[in-house]
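Inspection log for the structure reproduced underneath, given as structure tokens.
The values are calculated or read from the model by the stated rules, or taken from the named source; none is laboratory data. Keep in mind that what you see is a predicted model, and the values were worked out from it rather than measured. Because the Cβ atoms are built from the backbone with ideal geometry, glycine has one as well, and the counts that use them run over all protein chains shown. Only protein heavy atoms, including side chains, enter the accessible area calculation; ligands, DNA and RNA are left aside. Shrake-Rupley method; radii C 1.70, N 1.55, O 1.52, S 1.80 Å.
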Amino acid sequence: MEMEPNKDHTQDGTVDLRGHPAVASKSGRWKACGFLVGYEAFERMAFYGIASNLVVYLTTQLHEDTVSSVRNVNNWSGSVWMTPILGAYIADAYLGRFWTFTFSSLIYVMGMVLLTMAVSIKFLKPTCENGVCNKASSSQTAFFYAALYTIAVGAGGTKPNISTFGADQFDDFNPHEKKLKVSFFNWWMFSSFIGALLATLALVYIQENLGWGLGYGIPTVGLLLSLFIFYLGTPIYRHKVRKTRSPAGNLLRVPVTAFANRKLKFSGQPSELHELEQQHYVNSGKRRVHHTPVFRFLDKAAMREGKSPCTVTQVEEAKLVLGMAMIWLVTLVPSTIWAQINTLFVKQGTTLDRGLGSDFKIPAASLGSFVTLSMLLCVPMYDRYFVPLARKKTGNPRGITLLQRLGVGFVIQIVAIAIAYAVEVRRMHVIRLHGTTAPTSTVPMTIFWLLPQYVLLGVADVFNAIGLLEFFYDQSPEDMQSLGTTFFTSGIGVGNFLNSFLVTLVDRVTGKDDGKSWIGKNLNDSHLDHYYGFLLVISAINLGAFLWASSVYVYKKESTSTVKEGDVQMEAKTLDTSPLGLQV
């Protein structure tokens, strides 16, 4: 009699905001995600409205030099992508995704308001006469950067939780919803690309031609509107119940216990390891994770002979995090390549002929819209055509494994940076041919020469960005999926910091003793081609490291449990069954 009502509830134990079991037919799925993707589009419009053209604002309005502006853009972007580590921890350990997002979104909006004030109010911005701006005062600079980093703090709580919260709207135990979830991250990123496209096409033009205040004010209003839309969907959202009091604490306990048991001998037989009865997982609603042969040194944490042994599931969750960290390391160089789009690619574009017709000049940052356009075209093609065709061949619900998807993206990215190098060699040749070495000289070469590198990086990101977001969500321990998503965001953040470090180091090394810096203030008299060549070499080396890491990675395999007429029913769950990430 008690089992009958549960047929109306979700099978994964999600609840509504009041803590009542979620009704499957009235909650979640795409009808709930519709409210979320609206927020994502406006938030990405706000972020890229700042990031795409920030290097131009810093050089033209605050009078920073090329290296300083690139470094400051990278440092801010890096912070935006690193603060989600704290936001995800707070969500997983204390507040949950919904409330962490709620409080953080208010900080984000406050930062946007402050930034709009910094570029609009007369005494907060540099004074300009006849289009030439004076150097900003220390207080004006401080206020501007305080606003930027307030946004970074707000993004820390919104970025890792909103996409994960969206994925929570699909029940893994329901075959139909599980299939819908496979497409979720593709279409989630599609909405993100829409916001980025609006920023690079419209906001960048408004900032440079109609005023920075209006260019920042529009996304601020849009963000407020999107939050209103988000909260309209509150009654139909599903919320994951936290099943572990301290998931991060359990994670740290594994290596500590393994070290304490280091002198014990383990034969490799799973029967020597401690694990709870299946009924425990049925009662708790948690998923049991199967033993794997990787990172065997951690298995000693679960040895029955040891003191207070961990369970096999706890050990396997620690192995998952270690495996994801290994993959994370080989994503840092690709993230560094991605950082060029909003920094050196833009500065490169400012030196070229940007005329379109007799009166119109293309803002250099607007070429970033072609990254987004290529993404927008490729996502539906990937989801609607490539995945079904590949699925028939491989039997994998995703078409290809998550690591195969990343590998394809990394190869395309290497081709893109090779083209960027070739175009820069061409630009340097044209400069020598026409003698346009002055800092303000326009190189007689159309900006559309840069188009292939932008388009290819967009295509690569359909494989990279979406693949990484889905990989880290899917492979994370059950109670740490917000924190797992921060592997994605922190990789981008560290990539930005790494680019900042490389630009600074290369400038100092190549520019010492009165040498010609590869990335000087005057890009018409520098050697940016050498820097792109350097990035091409380290990208090729990194691809080799990725192939090795993928070959040893073992995907998560869980047991999901249900009770039916007194019997325990078990089902092993894994989407990527290949033991080697790059095998079909």
Q: Keeping to the range 482-501, report how many residues are open to solvent by less than 20 Å² (accessible area, probe 1.4 Å) and over 14 Å from the mean Cα position of the chain (by Cα).
A: 2
Q. If we scan the range 248-255, do we find a residue that is in contact (Cβ under 8 Å) with a residue 60 or more places away in the chain, more than 27 Å from Gly19 (Cβ to Cβ) and either touching a strand residue (DSSP E or B) at 6+ places or on another chain (Cβ under 9 Å) or open to solvent by 30 Å² or more (accessible area, probe 1.4 Å) (or both)?
A. yes
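Among what's in the range 542-569 and is assigned to a strand (DSSP E or B) and at pLDDT 55 or above, pick the residue that is farthest from Ala325 (Cα to Cα).
Applying the first criterion (assigned to a strand (DSSP E or B)) to the range 542-569 yields 558-564, 567-569.
Restricting the remaining residues to those that are at pLDDT 55 or above gives 558-559.
Values: Glu558: 20, Ser559: 23 Å.
Checked the range 542-569; the qualifying residue farthest from Ala325 (Cα to Cα) is Ser559.
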Q | Count - residues of the range 287-316 that are open to solvent by less than 30 Å² (accessible area, probe 1.4 Å) and of a type outside the set (S, T, N, Q) | A | 12
**Q.** Checking Leu523 against (1) open to solvent by 20 Å² or more (accessible area, probe 1.4 Å); (2) in contact with a Ser or Thr (Cβ under 7 Å, 6 or more places away or on another chain); (3) not hydroxyl-bearing (Ser, Thr, Tyr), the condition it does not meet
**A.** (1)
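Mind checking whether some residue in the range 89-97 is in contact with a helix residue (DSSP H, G or I) (Cβ under 9 Å, 6 or more places away or on another chain), among the acidic types (Asp, Glu) and open to solvent by 40 Å² or more (accessible area, probe 1.4 Å)? Walk me through how you get there before you give the answer.
Applying the first criterion (in contact with a helix residue (DSSP H, G or I) (Cβ under 9 Å, 6 or more places away or on another chain)) to the range 89-97 yields 89-97.
Now narrow it down to the ones that are among the acidic types (Asp, Glu): 92.
Remaining after also requiring open to solvent by 40 Å² or more (accessible area, probe 1.4 Å): none.
No, the range 89-97 contains no residue that is in contact with a helix residue (DSSP H, G or I) (Cβ under 9 Å, 6 or more places away or on another chain), among the acidic types (Asp, Glu) and open to solvent by 40 Å² or more (accessible area, probe 1.4 Å).
Any idea how many residues of the range 11-68 are in a helix (DSSP H, G or I) and out of contact with any Cys (no Cβ under 9 Å at 6 or more places or on another chain)?
Summing the residues that are in a helix (DSSP H, G or I) and out of contact with any Cys (no Cβ under 9 Å at 6 or more places or on another chain) in the range 11-68 gives 35.
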Q | Condition broken by Phe170, with the remaining ones in (1) within 22 Å of the chain's Cα centre (by Cα); (2) part of a helix (DSSP H, G or I) satisfied | A | (2)
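Report yes if Gly484 is modelled with pLDDT under 80 and in contact with a Phe, Trp or Tyr (Cβ under 7 Å, 6 or more places away or on another chain), otherwise no.
Working: modelled with pLDDT under 80: yes; in contact with a Phe, Trp or Tyr (Cβ under 7 Å, 6 or more places away or on another chain): yes.
Spelling it out, Gly484 is indeed modelled with pLDDT under 80 and in contact with a Phe, Trp or Tyr (Cβ under 7 Å, 6 or more places away or on another chain).
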Q: List the number of the failed condition for Ile538; all other conditions in (1) without any contact (Cβ under 8 Å) to a residue 60 or more places away in the chain; (2) surrounded by fewer than 18 Cβ atoms within 10 Å (Cβ to Cβ); (3) β-branched (Val, Ile, Thr); (4) touching a helix residue (DSSP H, G or I) at 6+ places or on another chain (Cβ under 8 Å) hold.
A: (1)
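Select the helices (runs of 4 or more DSSP H) contained entirely in the range 332-446, then report the ones holding at least 2 residues which are open to solvent by 60 Å² or more (accessible area, probe 1.4 Å). Talk me through it step by step, then tell me what you get.
Numbers: elements: 332-338, 344-350, 369-381, 387-394, 402-434.
Result: 369-381, 387-394, 402-434.
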